[in-house]
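First comes the structure, then the notes that go with it.
The values are calculated or read from the model by the stated rules, or taken from the named source; none is laboratory data. All figures in this text were calculated on a predicted structure; none of them were measured in a lab. We place every Cβ from the backbone using ideal geometry, glycine too, and count neighbours over all the protein chains shown. When the accessible area is computed, the model is the full protein with side chains, heavy atoms only, and any ligands, DNA or RNA have been set aside. Shrake-Rupley method; radii C 1.70, N 1.55, O 1.52, S 1.80 Å.
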Amino acid sequence: MLKIQPHFTQGIDTVQVLRNALQSAVELEHATLPAYLTALYSIKPGTNREAAAIIGSVSVQEMLHMTIAANILNAVGGSPVIDKPGFIPVYPGPLPMGVHEGLTISLGKLTRGLVYDVFMTIEEPEVAVAYPVKQPAIALLQQTSAALHDPGFATIGEFYQAVSDAIARMGEEIFTGDPANQVVDNGWFPPDQLFPVTDVASAQRAIQVIVEQGEGTPQSPREADNEAALAHYYRLAQIVYARRLVKDPDEPLGWSYSGAPIGIDPAGIWNLYPNAKTVDYPEGSRARTVSQQFNTTYTALLTALHITFNGQPDRLRSAIGLMYELKLTADQLVTIPLPGTDYTAAPTFEYAPVNV
């Protein structure tokens, strides 16, 4: 279970402290994206389709969660800050909000170890249900009990609950933001997931979307309001256990990892250089040139999102367009062999200011 320093959940007793907490939430939701995207970019086109679909869907929803957090921050009179070097975490390293020192986020190719050790830890609910794995070869990987709370730490779910509780205590008068700044584009996200935040009720409903998409509910591995979708934790677990999580009337918990297989074909994974920096690639090399192009596009994306969340919500579509451009550049980068090694080049997600 992802844990944060307790001061992030304690003492949210003024509007400014609430705004600071929501800015931290925006940073956290973004900080997971480079790790997810690097794993996604490592999958060769036309291969490992099931794993690619799972990681791609989680990445899209993390973008949604970042947008929701920005909407709530705007609603309470804050201004999301995205276009700055410090917004991007250092990889390898911890996530924002003082996460548990034992968790290190790395940028690397898709492996079951990465999904289990990092991605599932990020998404783990307060009570992770250990649905049985009906495949002996990998059943040993299964967690047999829910993770225990470490003293002195709070979970990400508890953080969002503290934010929700603080909003309820402070009441309707804190909603001083301009409703015109709310980012809503139901061409990309359905109206039950992305909607204007204008009052206590809509803010709490928005927070619930974030929590339940990531963790599910204590009663089900599914998202609460979407019977077709598993929460992130259980969705990712399917890659680790190599089976779809499906309803199983023979099991007391009602579910098991016994559905269609989800394999990882190693021939379909680029052997990316882990935790790369652009400076690692020789001057004048194609790897350095394409890496710089990737970072220019990535920074342009952050700039476009900053503009979108600060008074120009109609810029969301252009920002999403930059995400597609980012993928096209990544698709070039990961094919470039690094001379003298068995690696190919990898995206570095570094800040490179540009004008958009």
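Structure above, values below:
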{"read-out": "Those residues of region 65-109 which are in a loop (DSSP other than H, G, I, E, B), polar (S, T, N, Q) and within 24 Å of ALA231 (Cβ to Cβ), in sequence order", "value": "THR104, SER106"}
{"read-out": "Any chance ILE239 is assigned to a helix (DSSP H, G or I), buried (at least 21 other Cβ atoms within 10 Å of the Cβ), in contact (Cβ under 8 Å) with a residue 12 or more places away in the chain and in contact with a Lys or Arg (Cβ under 9 Å, 6 or more places away or on another chain)", "value": "yes"}
{"read-out": "Single match in THR341, THR296, THR335 (criterion: of a type in the set (Val, Ile, Thr) and either outside any loop (DSSP other than H, G, I, E, B) or modelled with pLDDT under 95 (or both))", "value": "THR296"}
{"read-out": "Some residue of region 303-316 being in contact with a strand residue (DSSP E or B) (Cβ under 9 Å, 6 or more places away or on another chain) and not basic (Lys, Arg)", "value": "no"}
{"read-out": "Leading residue by the ranking (farthest from VAL183 (Cα to Cα)) among those in region 42-93 that are surrounded by fewer than 22 Cβ atoms within 10 Å (Cβ to Cβ) and among the charged types (D, E, K, R)", "value": "LYS44"}
{"read-out": "Subset of region 274-298 (residues that are open to solvent by less than 10 Å² (accessible area, probe 1.4 Å) and touching a residue at least 60 places away in the same chain (Cβ under 8 Å))", "value": "ALA276, TYR281"}
{"read-out": "Test: residue in region 34-49 that is more than 12 Å from the chain's Cα centre (by Cα), at pLDDT 95 or above and among the aromatic types (Phe, Trp, Tyr)", "value": "yes"}
{"read-out": "Residue list for region 188-215, filter: open to solvent by 60 Å² or more (accessible area, probe 1.4 Å), out of contact with any helix residue (DSSP H, G or I) (no Cβ under 7 Å at 6 or more places or on another chain) and in a loop (DSSP other than H, G, I, E, B)", "value": "PRO191, ASP192"}
{"read-out": "Boolean, GLU62 is among the acidic types (Asp, Glu) and in a loop (DSSP other than H, G, I, E, B)", "value": "no"}
{"read-out": "Leading residue by the ranking (most open to solvent (accessible area, probe 1.4 Å)) among those in region 305-343 that are among the polar types (S, T, N, Q) and farther than 16 Å from LEU37 by Cβ", "value": "GLN312"}
{"read-out": "Test result for TYR298, within 22 Å of ILE55 (Cβ to Cβ) and not assigned by the TED database to the domain that holds ALA75", "value": "yes"}
{"read-out": "Unmet requirement for ASP117, which otherwise passes all of (1) in contact with a Pro (Cβ under 8 Å, 6 or more places away or on another chain); (2) surrounded by fewer than 21 Cβ atoms within 10 Å (Cβ to Cβ); (3) in a helix (DSSP H, G or I)", "value": "(1)"}
